[in-house]
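Below is one structure; the comments refer to it alone.
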Amino acid sequence: MDKLIELRDVRKVYSTGRLEVQALRGIDLEVGRNEYVAIVGPSGSGKSTLMNILGCLDTPSSGSYTLSGEAVAGLDRNRLAEIRNRHIGFVFQSFNLLPYATALENVELPLLFAGVSTKERRERAAAMLERVELGDRMEHKPTELSGGQMQRVAIARALVNRPTILLADEPTGNLDSASGKAIVSLFEELHAAGQTIVLITHDSGIAKLASRVVRVQDGQIVEDVRAAA
Amino acid sequence: MGSLSFFRQMLQDVRQQKLRTALTVLGITWGTVSVSLLVAFGEGLEARIRANQRGLGENIVIAWPSRTSLPWEGLGKGRRIRITEEDVEALRREIPQARFSGEMSRENSTFRRERVRITPEVSANSPIFAAMRNIIPAAGGRYVNDLDLDRRRRVVFLGDKLKQDLFGDQEAVGQTVMLDNVPFLVVGVMEKKAQDSSYSGRDEGKAFIPDATFRGLFSERYLENFIFQAHDASATPEVTRKVYEVLARRHKFDPADKEAIGMWDTSEAEKFFAIFFGTFRAFLAIIGSFTLVVGGIGVSNIMYVVVEERTREIGVKLAVGAKPAWIQRQFLAETLTLTAVGGVCGMLVTFGFLAVFPLLGLDEYVGTPQASPLVIATTTALLGVIGMVAGWFPARRASLLDPVVALKLA
């Protein structure tokens, strides 16, 4: 199996004044190509910290992280920005779309930072919006879209630069159940098309649909279950 | 995306925070107006006063014989000193680094032309007097020349106001006026000039005739005063000292007796004005600059607030791959745009004001403020610097945001 993510004894310590909080206490995790991994755990278990590190938004205090063959730990802010741009597609619980920009412009954003030409940006972003069935909403602002539509714009944005990993943090947390289901089935479609997905959730119903469930508790992995293929 | 969206986003900010943005821009506008108008007024006023100064003459010394105040070689004090044309000739001979002209005058001779009678001051002097005193003939005329002197011609050069009183709007050059019933030919009329100081009335109301003619006509030997001008203004003190030496020797008074010959060195005023206007301009520029700096601080504050408000957006951009430098550039560009808009508004206000100002007719008193290249360059440079500094710190803060914190994920 092709290893995309390889965490070795990753620890993360936050110091708030005199108090030291160990958010992660030695995580070992490998994620292969085209896996669909759900990371579950109660609040405060360290799963958000784990996601931040996986997404290169944060760096581990110790341990190593290899993403697509590249050692990530200890890189500077500019290199991390490049890696996020090239390898990671984020989907957030609260969508995090730019409110003043149209759906199309929001999707174009990662391509802008990747240095893609205006024309190509437009074409690729439009194609991706078609892919998430929002071809008729390209010029709409986020406020003119429903929650489900906003999340689909966010997914289009996450995928537009063909990331190595789609990293989703509670993507259905702010949606009604119908919209949530649509998002979840979109994820399944993407997985079926070959996309590697890491999903953070505390919804066991959604986690069940993943091909692998990693349970985190007190900063450690306590369970790692692969669904029977 | 890109620049288009950048401006759209700015417009969005402007629309959402109309009052806030307007007040911020107003701060810069007012600062710009302050700097540019203050400097423009400073320059206009200086130009006006210097022009007025030039009306009397540049770096000339006016000297008038008086009484001795010190005893000298057995002679008592209080002796009257009288200067003649021969003395002026001697000064010319012995002090080649300056030029001299004596002046005689009378105020009781009447000019008559047709029914108009005027008793102006009549000044008799030599041709270089006009050059030293910035008396310039209007087109079609000339000043008294050496030939007039040699031949004791009865010619007269009229101050522009005197010409107006005698001839109205008619042509004066070539006409004849009667001076105490002696006919004089008008050879020239003075070009209108600004003059803020004088020692016997403004030149505009005077009549000028050759001194040789005057002496012959009125049997006058003694000069009322003489003026001199060093070829190099910095040599004025030395020339002055030599003038005292030469005249003291010829008239037997103490060369240190400054009261024997009274002197008014107008270059002293020049020195004063140089310092005064240097200080004045610096003062105005500093006041204006500080107003602009205060405007800049306002912009900087607003930008901090904007960064705060857009923290999440910054987080999103960082998450999808924006480099910190890109974020910094974005906010810097926004600050510079705000500053530029304020600056352009300020410049427009200034230009508008400068266009209207001459209509108020205050030129004679305070000069006409002008948006000289210096004013524009100074203001623009200052705006640029202030915009950069005002934007740098908020932009830096934005670029240093931790994406985790900015996205409120932690």
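The values are calculated or read from the model by the stated rules, or taken from the named source; none is laboratory data. Keep in mind it's a predicted model, so treat the numbers as computed, not measured. Positions of Cβ are backbone-derived with ideal geometry, glycine not excepted, and every protein chain shown enters the neighbour counts.
Exactly one condition in (1) crowded, with 17+ Cβ neighbours inside 10 Å; (2) farther than 30 Å from A:Leu50 by Cα; (3) within 14 Å of chain A (Cβ to nearest Cβ) is not met by B:Ala406; state its number.
Status for B:Ala406: all satisfied but (2).
Can you work out which of the residues in the stretch A:108-139 that are of a type in the set (Asp, Glu) and more than 13 Å from every other protein chain (Cβ to nearest Cβ) is farthest from A:Arg152 (Cα to Cα)? Step through it out loud before you land on a result.
Taking the stretch A:108-139 first, the residues of a type in the set (Asp, Glu) are A:108, A:120, A:123, A:130, A:133, A:136, A:139.
Subsequent filtering for residues that are more than 13 Å from every other protein chain (Cβ to nearest Cβ) retains A:123, A:130, A:133, A:136.
Numbers: A:Glu123: 18, A:Glu130: 10, A:Glu133: 8, A:Asp136: 13 Å.
Across the stretch A:108-139, the extreme among qualifying residues is A:Glu123.
Condition first: within 9 Å of chain B (Cβ to nearest Cβ) and either surrounded by fewer than 22 Cβ atoms within 10 Å (Cβ to Cβ) or part of a strand (DSSP E or B) (or both). Now tell me which residues in the stretch A:81-95 satisfy that.
Of the stretch A:81-95, the ones within 9 Å of chain B (Cβ to nearest Cβ) are A:81-86, A:88-90, A:92, A:94.
Matches in the stretch A:81-95: A:Glu82, A:Ile83, A:Arg86, A:Ile88, A:Gly89, A:Phe90, A:Ser94.
Can you give me the number of residues within the stretch A:68-80 that are within 14 Å of chain B (Cβ to nearest Cβ) and either part of a helix (DSSP H, G or I) or in contact (Cβ under 8 Å) with a residue 24 or more places away in the chain (or both)?
Quick first cut of the stretch A:68-80, residues within 14 Å of chain B (Cβ to nearest Cβ) only: A:75-80.
Okay, now just the ones that are also either part of a helix (DSSP H, G or I) or in contact (Cβ under 8 Å) with a residue 24 or more places away in the chain (or both), so A:77-80.
Count: 4.
Out of B:Leu26, B:Leu19, I need the residue that is in a helix (DSSP H, G or I), farther than 30 Å from B:Ser198 by Cβ, modelled with pLDDT of 85 or more and more than 14 Å from chain A (Cβ to nearest Cβ). Which one? First the steps, then the outcome.
Numbers: B:Leu19 fails: modelled with pLDDT of 85 or more.
Exactly one of B:Leu26, B:Leu19 is in a helix (DSSP H, G or I), farther than 30 Å from B:Ser198 by Cβ, modelled with pLDDT of 85 or more and more than 14 Å from chain A (Cβ to nearest Cβ), namely B:Leu26.
In the stretch B:184-241, how many residues are in a strand (DSSP E or B) and either among the aliphatic types (A, V, I, L, M) or surrounded by fewer than 21 Cβ atoms within 10 Å (Cβ to Cβ) (or both)?
Residues that pass the stated criteria total 10.
Considering only residues that are loosely packed, with under 15 Cβ neighbours inside 10 Å and either of a type in the set (Gly, Ala, Ser) or over 53 Å from the mean Cα position of the chain (by Cα) (or both), look in the stretch B:375-401 and name the one that is nearest to B:Val320 (Cα to Cα).
B:Gly384
Hey, among the residues in the stretch A:42-56 that are in a helix (DSSP H, G or I) and facing another protein chain (nearest Cβ under 9 Å), which one's farthest from A:Arg215 (Cα to Cα)?
Keep residues of the stretch A:42-56 that are in a helix (DSSP H, G or I), which gives A:47-54.
Those still in the list that are facing another protein chain (nearest Cβ under 9 Å) too: A:48-49, A:51-52.
On the way: A:Ser48: 12, A:Thr49: 14, A:Met51: 13, A:Asn52: 16 Å.
Across the stretch A:42-56, the extreme among qualifying residues is A:Asn52.
Could you list all residues from the stretch B:370-403 that are assigned to a loop (DSSP other than H, G, I, E, B), touching a residue at least 40 places away in the same chain (Cβ under 8 Å) and within 14 Å of another protein chain (Cβ to nearest Cβ)? Full working, then the answer.
Of the residues in the stretch B:370-403, the ones assigned to a loop (DSSP other than H, G, I, E, B) are B:370-372, B:400-402.
Next, only the ones that are touching a residue at least 40 places away in the same chain (Cβ under 8 Å) stay: B:370-372, B:400-401.
Within the stretch B:370-403, B:Leu400, B:Leu401 qualify.
Mind listing whichever residues of the stretch B:124-146 are assigned to a loop (DSSP other than H, G, I, E, B), of a type in the set (A, V, I, L, M) and closer than 18 Å to B:Thr213 by Cβ?
Initial filter on the stretch B:124-146 (assigned to a loop (DSSP other than H, G, I, E, B)): B:126, B:133-136, B:138-145.
Of the ones still in play, those that are also of a type in the set (A, V, I, L, M) are B:135-136, B:138-139, B:144.
Listed by number, the residues that qualify are B:Ile135, B:Val144.
Can you spot a residue in the stretch A:181-194 that is crowded, with 16+ Cβ neighbours inside 10 Å and of a type in the set (S, T, N, Q)?
no
For the stretch A:125-139, which residues satisfy the criterion of being closer than 17 Å to A:Phe187 by Cα and not charged (D, E, K, R)?
The first filter runs over the stretch A:125-139 and keeps only residues closer than 17 Å to A:Phe187 by Cα, leaving A:128-134.
Selection gives A:Met128, A:Leu129, A:Val132, A:Leu134.
Can you find a residue in the stretch B:237-244 that is assigned by TED's automatic domain parsing to the domain that holds B:Leu70 and farther than 26 Å from B:Tyr199 by Cα?
Looking only at the stretch B:237-244, we keep the residues that are assigned by TED's automatic domain parsing to the domain that holds B:Leu70, and these are B:237-244.
Add one more test, that the residue is farther than 26 Å from B:Tyr199 by Cα, and what stays is none.
Taking every residue of the stretch B:237-244 in turn, none turns out to be assigned by TED's automatic domain parsing to the domain that holds B:Leu70 and farther than 26 Å from B:Tyr199 by Cα.
Residue check: is A:Asn34 under 28 Å from A:Lys208 (Cβ atoms) and either under 13 Å from the mean Cα position of the chain (by Cα) or more than 8 Å from chain B (Cβ to nearest Cβ) (or both)? Before you say what the answer is, go through the steps one by one.
On the way: under 28 Å from A:Lys208 (Cβ atoms): yes; either under 13 Å from the mean Cα position of the chain (by Cα) or more than 8 Å from chain B (Cβ to nearest Cβ) (or both): yes.
Yes; evaluated as a whole, the condition is true for this residue.
Across the stretch B:141-152, what is the number of residues that are surrounded by fewer than 20 Cβ atoms within 10 Å (Cβ to Cβ) and farther than 17 Å from B:Leu162 by Cα?
7
Here are B:Ala333, B:Ala340, B:Ala282: which of them is more than 14 Å from chain A (Cβ to nearest Cβ), within 23 Å of B:Glu43 (Cβ to Cβ) and small (Gly, Ala, Ser)?
On the way: B:Ala333 fails: within 23 Å of B:Glu43 (Cβ to Cβ); B:Ala340 fails: within 23 Å of B:Glu43 (Cβ to Cβ).
Answer to the check: B:Ala282.
Taking the options B:Ala319, B:Ala325, name whichever one is surrounded by fewer than 19 Cβ atoms within 10 Å (Cβ to Cβ), touching a residue at least 40 places away in the same chain (Cβ under 8 Å) and within 14 Å of chain A (Cβ to nearest Cβ). Steps first, please.
Working: B:Ala319 fails: surrounded by fewer than 19 Cβ atoms within 10 Å (Cβ to Cβ).
Result: B:Ala325 is the single residue among B:Ala319, B:Ala325 that is surrounded by fewer than 19 Cβ atoms within 10 Å (Cβ to Cβ), touching a residue at least 40 places away in the same chain (Cβ under 8 Å) and within 14 Å of chain A (Cβ to nearest Cβ).
Here are B:Arg112, B:Arg117: which of them is in contact (Cβ under 8 Å) with a residue 24 or more places away in the chain, more than 30 Å from B:Asp232 (Cα to Cα), in a strand (DSSP E or B) and charged (D, E, K, R)? I'd like the intermediate steps shown before the answer.
Working: B:Arg117 fails: in contact (Cβ under 8 Å) with a residue 24 or more places away in the chain.
Among B:Arg112, B:Arg117, only B:Arg112 is in contact (Cβ under 8 Å) with a residue 24 or more places away in the chain, more than 30 Å from B:Asp232 (Cα to Cα), in a strand (DSSP E or B) and charged (D, E, K, R).
I'm checking my understanding of the structure. Among residues of the stretch B:292-316 that are surrounded by fewer than 19 Cβ atoms within 10 Å (Cβ to Cβ) and more than 14 Å from chain A (Cβ to nearest Cβ), which one is farthest from B:Thr339 (Cα to Cα)?
The selected residue is B:Glu308.
Does B:Ala248 fit the bill of being away from chain A (no Cβ under 14 Å), touching a strand residue (DSSP E or B) at 6+ places or on another chain (Cβ under 6 Å) and not β-branched (Val, Ile, Thr)?
Criteria not met by B:Ala248.
Residue by residue through the stretch A:112-125, note down the ones that are hydrophobic (A, V, I, L, M, F, W, C) and within 21 Å of the chain's Cα centre (by Cα). Even if it seems obvious, please write down each step before you answer.
Step one: filter the stretch A:112-125 for residues hydrophobic (A, V, I, L, M, F, W, C), giving A:112-114, A:116, A:125.
Residues satisfying the conditions are A:Leu112, A:Phe113, A:Ala114, A:Ala125.
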